[in-house]
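Here is the structure we will look at.
The values are calculated or read from the model by the stated rules, or taken from the named source; none is laboratory data. On a predicted model such as this, the values are computed, not experimentally measured, just so you know. Cβ coordinates were reconstructed from backbone atoms using ideal geometry, including for glycine residues, and neighbour counts include every protein chain displayed. Side chains included, ligands, DNA and RNA excluded: accessible areas come from the protein's heavy atoms. Shrake-Rupley method; radii C 1.70, N 1.55, O 1.52, S 1.80 Å.
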Amino acid sequence: MTAKDIKEAHSLSITDLMNSKLQSVNVNDYQGNPFQMDLQYRGFTAGPQIGTPQGLSVFFDGIRVNEPFGDVVNWDMIPLNALSSFDVFPGSNPIFGLGT
C-alpha cells in the first residue's frame, strides 16, 4: 500500500487499515479498544495481549517492533501518518532474522 492508499482509507488505526484493505487479514477486538486489536494473518497472530501465542514479525523502518517480553505488538505505537508505504510478506524468510 502506498501513502495515498493509506490516506484515502481514513482508517482509525493500522489494524483497521489492514482489516479493511488486505486479504487474509482478520482482527479481533477483545478489549473494545480499536487501537489494541489482535491481528491474524493466515493463522498467525500479532497482538498486544501477553499470553497470546505470537506468530508474526512486525518491522517499522527495518526495526522489529515486537516487544522483547512476550513478543507482543503494540499497534497503537505505530502512527499512520508516519507511513509512506506498507508491505505484507507471506512465508518465512531468513533475511528478517530468527523467529520470522
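Before moving on, here are some points about what is shown:
- The mean sequence separation of alpha-carbon pairs under 8 Å and at least six residues apart, normalised by the residue count of the chain, gives a relative contact order of 24 percent.
- Across every pair of non-identical alpha carbons in the chain, the mean reciprocal distance, once inverted, gives a Kirkwood radius of 13.9 Å.
- Share of carbon and sulfur in the accessible heavy-atom surface of the chain [1.4 Å probe, %]: 53
- Descending by average beta-carbon neighbour count within 10 Å, the peptides 49-59, 75-85 line up as 49-59, 75-85, the highest first.
- Where the chain is the region considered: accessible area per residue in Å², 1.4 Å probe: 65
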